[in-house]
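Where a number appears in this text, it was derived from the coordinates with a stated rule and is not lab data. Since the structure is predicted, the reported quantities are computational estimates derived from the model, not experimental observations. Please note: Cβ atoms are built from the backbone with ideal geometry, for glycine as well, and neighbour counts cover all protein chains shown.
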Amino acid sequence: EKLLEIKNLKKHFKMDRNNYLKAVDDISFDIYKGETFGLVGESGCGKSTAGRTILRLYEATEGAVNFQGENVHAKKSKKDLKKFNRSMQMIFQDPYASLNPRMTVKDIIAEGMDIHGLVNNKKERTARVNELLETVGLNADHGNRYPHEFSGGQRQRIGIARALAVNPDFIVADEPISALDVSIQAQVVNLLKKLQRERGLTYLFIAHDLSMVKHISDRVGVMYLGNMAEVATSDDLYAEPLHPYTQALLSAIPISDPEVERTRERIIVEGDVPSPINPPSGCRFRTRCPMAMEICSKVVPEWQEHSKDHWVACHLYNDKYNEENKARQNLA
Ligand code: SF4
Ligand code: MG
């Protein structure tokens with residue numbers, strides 16, 4: 001069952017009179033109810049912008065985000081917007097910067113409940129806050145303190161409690177563990193998984209590498225330079241990556257078995273990521289793709305469902321161009 005339908009979504013930022021930064025440039029995918037959708041790509045690929053545009057923290061340049069069948073970017077009444085704001089929450093990458101240092105933890109957590117009128121009186125408010133603190137592994141005493149008194153992992157727990165306070169259905173977690181010590185990362189991931197099971201939450205989990213989302217995602221999307229390269233179930237993506245970029249990302253993950261590690265082929269992606277202000281024509285990955293063909297500079301590869309639930313944008317999977325390519329190789 002679809003919870004969100006992202007359709008031809010674009011988010012361009014105006015740089016100056018003639019230039020736009022095409023941070024998100026025509027991406028389409030669905031997020032199913034109760035799943036964790038991992039969104040992966042190098043820094044600057046547009047994944048955070050995509051997450052924020054889906055949440056309506058940014059206005060979309062074009063396209064739609066249908067949440068339970070309603071486009072959150074269409075003109076809405078104040079009441080409807082409030083409903084979306086409550087249903088869709090965000091957990092931020094930097095638990096240091098995302099908590100107001102002048103507010104007590106209690107007030108940080110309760111702010112959303114106050115805005116949305118979810119509690120009737122002070123007693124109820126305190127009880128709810130204390131319950132949330134316990135849910136995320138903190139306690140009532142912590143509520144009267146300030147963010148700087150906590151460790152990074154604890155601050156991320158506070159951020160999670162704040163998101164949960166308004167009973168959301170969907171949470172965008174933007175690299176929620178990247179800034180934390182490795183020893184703390186698993187704890188936060190386990191907490192997120194536990195909350196998902198208990199509350200039927202749906203997550204968009206943003207990360208910069210595939211190893212980080214492997215174990216927590218039901219499905220994964222790989223972004224490159226504002227485009228979606230591939231979307232598949234985690235199992236399919238790791239077992240049978242189709243897009244050359246996904247293949248390269250996967251080949252860069254170290255494998256713990258030294259025998260496999262030694263014999264395995266590494267795909268090296270050369271060069272830098274081009275500018276999203278002036279991206280390459282045709283396939284945006286072509287300047288770094290080891291498989292690039294002539295057609296790749298001329299035609300934007302179509303976003304197509306290659307096999308059930310496995311989407312890819314690459315001419316290698318378009319029979320027409322691939323036949324041409326094979327013919328050319330045979331001639332040469
Ligand atoms: Fe590489 Fe061409 Fe596929 Fe792009 S369309 S990923 S350049 S083979
Ligand atoms: Mg980011």
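Highest mobility in the GNM of the chain, judged by mean-square fluctuation with C-alpha springs under 10 Å and restricted to G117, G282, G51, is found for G117. This ranking places Y245, Y96 by how few other beta-carbon atoms lie within 10 Å of each, fewest first, which gives Y96, Y245.
Starting with the highest mean, order 220-231, 151-162, 2-13, 68-79 by the number of other Cβ atoms within 10 Å, averaged over the residues of each peptide.
On the way: 220-231: 25.9, 151-162: 22.3, 2-13: 18.4, 68-79: 12.8.
Top of the packing list down: 220-231, 151-162, 2-13, 68-79.
At full extension, D141 and A97 could sit 13.6 nm farther apart than now, given 0.36 nm per residue minus the alpha carbon distance.
Among H116, H310, H148, H215, the ranking by other beta carbons within 10 Å of each residue's beta carbon, starting with the fewest, stands as H148, H215, H116, H310. Hey, what angle do you get for helix 319-331 against the long axis of the chain, alpha-carbon based, 0 to 90 degrees rounded to 10? Once rounded, one gets 40 degrees. With the alpha-carbon atoms of segment 2-217 aligned to their principal axes, the span from lowest to highest coordinate is 52, 42, 36 Å, starting with the largest. Among the listed pairs K194/K214; K14/K47; K11/K194; K2/K82; K78/K122, those whose Cα-Cα separation exceeds 23 Å are K11/K194; K78/K122.
What percentage of all Cα-Cα pairs in segment 239-332 are separated by more than 23 Å?
On the way: 1522 of 4371 pairs.
Percent of Cα pairs beyond 23 Å in segment 239-332: 35.
Grab the beta carbon distance between I115 and A239, set R0 = 51 Å, and tell me the FRET efficiency rounded to 0.05.
Values: r = 45 Å, r/R0 = 0.88.
Plugging the Cβ-Cβ distance into 1/(1 + (r/R0)^6) gives 0.70.
Bridgeable aspartates and glutamates around K106 (alpha carbons under 13 Å apart, same-chain partners fewer than 8 residues away excluded): D114, E124, E131, E134, D141.
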